[in-house]
Amino acid sequence: MMKFLKMLAAASALSLLVGCSANIEDYQGEEPQLKLEEFFDGELVAYGMVQDYSGKVIQRFRADLKGTWDGNEGVLDEQFYYADGSEQERIWYITKTGENSYEGRASDVEGVAEGTTAGNVLNWSYTLIIERDGEPFSVKLDDWLYLVDEDNMINRTQMYKFGLPVGEITLYIGKK
């Protein structure tokens, strides 16, 4: 019974935190304005880490990114180099669908990623399929990208499974 009460208390605390999360409109007036077709055009480099649900760093990485745009259609080629020696490629196909909205597709993304910008921020939401013990494992990502200036960005991502937090990704992205 005590274990059940602790789990209920934890779930209640989590729901309070989720209810108090930031809203994209909170950034409406922030400068500089984020336009994916401008920031993700050309060569960039990223450095980041993945943490598990407890906050322990479980992976570090560098990524080389190259973005190209043709009107409202963009391609972002990401080459990841992990500290454990493994490598990964993800190619995003991004479409600007409105003044402040984007959609994205990638081979390891389930369905369509949806993003909205306001001011200097993008909130990007999608389900990523990762490999865990040799099996596909899907996690929901709540991705927040904060433009610091025209050449630098900070990205924070919360990962969820069954609505519960399972990890976090933090990275810096800069233009070369």
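Data overview
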quantity: The lone exception for Leu147 - which of (1) within 21 Å of Arg60 (Cα to Cα); (2) assigned to a strand (DSSP E or B); (3) not acidic (Asp, Glu) it fails; calculated: (1)
quantity: Any hit, region 107-114, residues being touching a Gly at 6+ places or on another chain (Cβ under 9 Å) and open to solvent by 60 Å² or more (accessible area, probe 1.4 Å); calculated: yes
quantity: Failed condition for Glu73, given (1) open to solvent by less than 60 Å² (accessible area, probe 1.4 Å); (2) of a type in the set (Asp, Glu); (3) closer than 13 Å to Phe40 by Cα; calculated: (1)
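The values are calculated or read from the model by the stated rules, or taken from the named source; none is laboratory data. All values derive from a computational prediction rather than experimental measurement. Cβ: placed from backbone, ideal geometry, glycine included. Neighbour counts: every protein chain shown. Note: areas computed on protein heavy atoms with side chains; ligands, DNA, RNA excluded. Shrake-Rupley method; radii C 1.70, N 1.55, O 1.52, S 1.80 Å.
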